[in-house]
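What follows is a set of notes on a single structure, which appears directly below.
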Amino acid sequence: MSVTMDTLVSLSKRRGFIFQSSEIYGGTGSCWDYGPLGVELKNNIKRLWWRDFVQSRADMVGIDASILMHPTVWKASGHLDHFTDPMVDCRECKLRFRADQVDERPWTHYCPATKGNKFTIPAGEPCSHCGGRRTLCPDCGKGELTAPRQFNLMFKTFMGPVEEDASITYLRPETAQAMFVNFDNVLQSMRLKLPFGIAQAGRAFRNEITPGNFIFRTREFEQMEIEYFVNPHETVDGRPADEYWHDRWIEDCLAWFRRYGLRKENLQLREHRKDELSHYSKRTVDIDYRFPIGWSELMGIANRTDFDLKQHAQFSGKSLTYFDEERKEHVVPYVIEPSAGVDRALLAFLADGYVEEEVRGEKRVVLRLHVELAPLKVAVLPLLKKREEIVRTAQAIRAELARQWRVVYDDTAAIGRLYRRQDEVGTPYCVTVDVQTVGDSGKGESGDGKVTIRDRDSMEQIRVPIPDLAAVVGELLSGGEWTTAAARYPTAKTS
Ligand SMILES: [Zn+2]
Ligand SMILES: [Zn+2]
């Protein structure tokens, strides 16, 4: 069973992952806000990507560049001239459509054969009364459409106090260009040797005419991009270095998504055809994911050759080369660009993790997120919220664990309900404090000082002494197997 987009949108809102932006004002076109659990999940994705692709590698460094860049950057990169869609405008209602998509929508028709009655006709079909086809605006049915014009997808704004052409600037449509314009700064300051890469995670903006499908395509989004520079005159394993590293990055990126839980059958590579390659690209391969909307791009890995560095060298008049000590020559490196969207990755992890199953005749929704992605790591739950001793112990455990991990305390429902709530947001472990833990001083009974840890996926439970708790949780959250930890402690009955 695969999850629908509606189910994910609804879960996201109900449980604080993702809200519509400015919802109380009716929302902003395809903009979304990450809520308390969404921001944790998103931060975890970015942190793991940075750890695995920057921190742990000797050949990678990072930057964090400004969103507003010099306008000439976009001239040099080709965005000013080529980052466009053909658009038509209605002369009456002023609505704008992508020229190639006008006939993909139902159209409004005032039919001359029926005294001008108004009909809505399915996309691409003629009127069943007069046989006419759409020529006017599909929305209002009255206005003529202009000839197609190229419409730039960059958000334009003004830098400084004067709104004049000289101060026009753009919100960056991708993070990549900052790595190219900082190439020499990074190279000189860090004394790097080819091959090396520069990474950045940050916001980008595209004034998409037809955004949609929840957070799949939005006008404001976050990217995780790497520009990996290689010496085109070198060979690795008998192959040109750029081709070798391109394949390596495709493998590494695919393995990364697999490592954090995306199922193999939901991932596939897609080679761009020659006629769909960008003007700068020698070869591009997408990692496609089976989203609820069908197979779509999760990320792309392009061989951008030396296009960008050459362009920026030409437009800036600065040399952007690397001195090859061995061959005693200046070279313009080739660049391999693994480019991923944070929001798309998050959507894929949500979709892949979502499972509905039946447990003892009841439906259980569980988000099987990788422990390192899970927004909440542990929920501490008191079995009885009226017993002061239980509550105090549970609060103390929460405070202790929260020094290292995102941990919540919840006493707002019965225990079964509390478990279901945590399952639904992917919390890998619940810790329960009960009467057995604290004993009953009224009856002169002392507690055993043990708490129950419940595993989200197997729903098994073990009894662990409180002094061992942080160590066991630490083991489980850093990749330790549940079965290994569970083997050391007595099991508790399932509730
Ligand atoms: Zn119109
Ligand atoms: Zn008609």
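The values are calculated or read from the model by the stated rules, or taken from the named source; none is laboratory data. Nothing here was measured: the structure is a model prediction, and the numbers come from that model. We place every Cβ from the backbone using ideal geometry, glycine too, and count neighbours over all the protein chains shown. For the accessible areas, the whole protein counts, side chains as well, though only heavy atoms, and no ligand, DNA or RNA atoms are used. Shrake-Rupley method; radii C 1.70, N 1.55, O 1.52, S 1.80 Å.
When you go through L41, L48, L68, L80 one by one, which is the residue that is touching a Phe, Trp or Tyr at 6+ places or on another chain (Cβ under 9 Å) and open to solvent by 60 Å² or more (accessible area, probe 1.4 Å)?
Matching residue, one of L41, L48, L68, L80: L68.
I'd like the full set of residues that are more than 15 Å from ligand 1 (Cβ to nearest atom) and more than 36 Å from the chain's Cα centre (by Cα), limited to segment 122-139.
Across segment 122-139, the qualifying residues are E125, P126, C127, S128, H129, C130, G131, G132, R133.
Kindly indicate whether R420 is in contact (Cβ under 8 Å) with a residue 12 or more places away in the chain, charged (D, E, K, R) and under 30 Å from T7 (Cβ atoms).
The answer is yes for R420.
Could you list, ordered by first residue, the pairs with Cβ atoms under 9 Å in which the first is in segment 269-291 and within 25 Å of F257 (Cα to Cα) and open to solvent by less than 50 Å² (accessible area, probe 1.4 Å) and the second is among the acidic types (D, E) and in a helix (DSSP H, G or I), at least 6 apart or interchain?
Hits for this filter: T284/E276; V285/D247; Y289/D352.
Here is a yes/no grid of residues against (1) of a type in the set (K, R); (2) assigned to a helix (DSSP H, G or I); (3) open to solvent by 60 Å² or more (accessible area, probe 1.4 Å):
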residue	(1), (2), (3)
T427	no, no, no
T432	no, no, no
Q436	no, yes, yes
D448	no, no, yes
S458	no, no, no
D468	no, yes, no
G474	no, yes, no
T484	no, yes, yes
Y489	no, no, no
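Kindly indicate the residue of segment 17-34 that is among the hydroxyl-bearing types (S, T, Y) and more than 14 Å from L346 (Cα to Cα) and also most open to solvent (accessible area, probe 1.4 Å) among those meeting that condition.
Y25
May I ask you to list pairs of residues, at least six apart or on different chains, whose Cβ atoms are under 7 Å apart, with the first in segment 139-155 being without any contact (Cβ under 8 Å) to a residue 60 or more places away in the chain and the second being of a type in the set (S, T, Y) and within 16 Å of ligand 2 (Cβ to nearest atom)?
Listed by first residue and then by second, the contacts come to D139/T108; C140/T108; G141/T108; G141/Y110.
Take segment 40-82 and flag every residue that is in a helix (DSSP H, G or I) and without any contact (Cβ under 8 Å) to a residue 24 or more places away in the chain.
N43, R47, R51, Q55, D81
Mind counting the residues in segment 301-329 that are open to solvent by 20 Å² or more (accessible area, probe 1.4 Å), small (G, A, S) and either under 14 Å from P195 (Cβ atoms) or in contact with a Ser or Thr (Cβ under 9 Å, 6 or more places away or on another chain) (or both)?
Adding up the residues that qualify gives 2.
Among the residues of segment 115-128, is any surrounded by 12 or more Cβ atoms within 10 Å (Cβ to Cβ), within 16 Å of ligand 2 (Cβ to nearest atom) and not in a loop (DSSP other than H, G, I, E, B)?
Within segment 115-128 (the criterion being surrounded by 12 or more Cβ atoms within 10 Å (Cβ to Cβ), within 16 Å of ligand 2 (Cβ to nearest atom) and not in a loop (DSSP other than H, G, I, E, B)), the answer is yes, since at least one residue qualifies.
State whether the residues of segment 143-152 include one that is within 14 Å of ligand 2 (Cβ to nearest atom), over 37 Å from the mean Cα position of the chain (by Cα) and open to solvent by 60 Å² or more (accessible area, probe 1.4 Å).
No, that holds for no residue.
List pairs: first residue in segment 475-495 and in contact (Cβ under 8 Å) with a residue 60 or more places away in the chain, second residue in a helix (DSSP H, G or I) anywhere in the structure, Cβ distance under 8 angstrom, at least six positions apart or on different chains.
Correct list of pairs: L476/W482; L476/A485; S495/I415; S495/G416; S495/Y419.
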